[in-house]
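Contents: one structure, followed by commentary.
The values are calculated or read from the model by the stated rules, or taken from the named source; none is laboratory data. This structure is a prediction, so every number in the text was calculated from the model and none was measured. Using ideal geometry, Cβ is built from the backbone for each residue, glycine included, and neighbour counts are taken over all protein chains shown. SASA here: full protein model, heavy atoms, side chains in, ligands and nucleic acids out. Shrake-Rupley method; radii C 1.70, N 1.55, O 1.52, S 1.80 Å.
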Amino acid sequence: VRVALVPTASYTQNAYFDLAPVSVADQPVYAYPWREIDLPQRFGPDARWELGAGQSEVRVSGRGVSAGVSTRSLWWGPGIQNAIIMSNNAAGFPHVFLGTQGPRRIGIGTIEANWTLGKLDQSDYFGLPVETDARFHAGLVVTFNPDLLPGLSLGFTRVFYGASPNGLEASNAFLVFQGVTKKGQEDSDSPTGDDDKDQLLSVFGR
């Protein structure tokens, strides 16, 4: 069992500066000016104190498997300055995880995996009318290192996120295992295979 308590406290002066006029209807004056995205120009009119869980985690490991609860930032995908799918340029979000305890041998090489389900929130300066600002994140990352070519890494990531009006539902974690094509999602409720969730998928090598 590993427990890491690494809270973060921060103060931001948040002094006044001229904002670009917001052109999207129903958005606060501090919102992103040009389209519907939760990327505020300024976080309100006042200085900000924040206290958060930071890079904290409770992890239980054994027999090659790790599971736990965490608020650590995740770095998924290739890249040095930008990890494509998720990076540590911002605070982490609360999530549960299940994965390998480091690389595990599978006969022809090693494999490492992490499967997560987390809770996201929108900022106070994104004014679209919604039933709830609660969001979910479901993700899977797998990396394979073949014995035949030492130093080669191959992997993929798949992430879903969307509204979570009923709170964090465990069933959302399994979205990462569904088929990739829209045709495979067709049913009587969605004859075109559409749904209201967003998806990111990355295949990478190094």
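Between Ser188 and Ser73, with labels modelled 7 Å along Cα→Cβ, what's the label distance in nm to one decimal, could you check?
4.8
Once Kirkwood radius over Cα pairs in Å is worked out from the coordinates, which option in (i) 21.0; (ii) 19.7; (iii) 18.8 does it equal?
Checking each listed value against the structure points to (ii).
Over the chain, what relative contact order in percent results from Cα pairs under 8 Å that are six or more residues apart?
Result for the chain is 15 percent.
Please give the residues of segment 59-79, grouped as numeric ranges, whose backbone N is less than 18 Å from a label point set 7 Å along the Cα-to-Cβ vector of Leu5.
59-60, 69-72, by backbone N distance to the label point.
Could you tell me the calculated FRET efficiency between Asp26 and Asp198, based on Cβ-Cβ distance and R0 = 25 angstrom, to the nearest 0.05?
Plugging the Cβ-Cβ distance into 1/(1 + (r/R0)^6) gives 0.75.
Hey, if you put +1 on the Cβ of every Lys and Arg and -1 on every Asp and Glu Cβ in the chain, which of Ala170, Leu200, Val60 ends up farthest toward the positive end of that dipole?
It is Val60.
Pick from Asn89, Asn145, Asn14: which is most flexible by mean-square fluctuation in a GNM of the chain where alpha carbon atoms under 10 Å apart are linked?
Asn14
Give me the one-decimal nm value for the distance between modelled label points at Asp46 and Ile106, 7 Å along each residue's Cα-to-Cβ direction.
The modelled label-to-label distance comes out at 5.2 nm.
Work out the charge dipole of the chain with +1 on the Cβ of Lys and Arg and -1 on the Cβ of Asp and Glu about the Cα centre, then indicate which of Phe93, Gly77, Trp49 is farthest towards its positive end.
Checked the options; the winner is Gly77.
Using a 1.4 Å probe over the heavy atoms of the protein chains, calculate the carbon and sulfur portion of the accessible area of segment 9-53 as a whole percent.
So the carbon and sulfur contribution to the accessible surface is 56 percent.
Per residue, how much accessible area does the chain have with a 1.4 Å probe, in Å²?
Accessible area per residue: 64 Å².
Extending each Cα 7 Å along its Cβ direction at Leu19 and Val180, get the distance between those two points in nm, one decimal.
4.1
If I compute solvent accessible area with a 1.4 Å probe over the protein chains, what percent of it on segment 129-206 is carbon and sulfur?
With neighbouring chains kept in place, the figure for segment 129-206 is 57 percent.
Using the Karplus curve 6.51 cos²θ - 1.76 cosθ + 1.60 with θ = phi - 60°, what ³J(HN,Hα) values do you get for each residue of segment 181-189, in whole Hz, with x for Gly and Pro?
So the J values, rounded to whole Hz, are 7, 5, 4, x, 9, 5, 7, 5, 7.
Sort Leu39, Leu51 by accessible area with a 1.4 Å probe, largest first.
Leu51, Leu39
For the chain, set up a GNM with springs between Cα atoms under 10 Å and report which of Gly79, Gly139, Gly54 has the largest fluctuation.
Of the options given, Gly79 has the highest mean-square fluctuation.
From the square roots a ≥ b ≥ c of the eigenvalues of the alpha-carbon gyration tensor of segment 28-87, which class results: rounded (a/c under 1.5), prolate (a/b over b/c), or oblate?
Since a/c reaches 1.5 but b/c is at least a/b, the shape of segment 28-87 is classed as oblate.
Stokes-Einstein diffusion coefficient for segment 102-151 at 4 °C in a medium of 1.567 mPa s, Rh from the Kirkwood formula over Cα pairs: what value in µm²/s?
92
Output ³J(HN,Hα) for segment 109-117: one whole-Hz value per residue in order, computed from phi by the Karplus curve 6.51 cos²θ - 1.76 cosθ + 1.60 with θ = phi - 60°, and x for Gly and Pro.
Those phi angles translate into x, 10, 10, 9, 9, 8, 10, 10, 9 Hz.
Please list, in order along segment 8-20, the HN-Hα scalar couplings obtained from phi with the Karplus expression 6.51 cos²θ - 1.76 cosθ + 1.60 (θ = phi - 60°), rounded to whole Hz, x for Gly and Pro.
10, 10, 9, 10, 10, 5, 6, 5, 5, 8, 5, 9, 6
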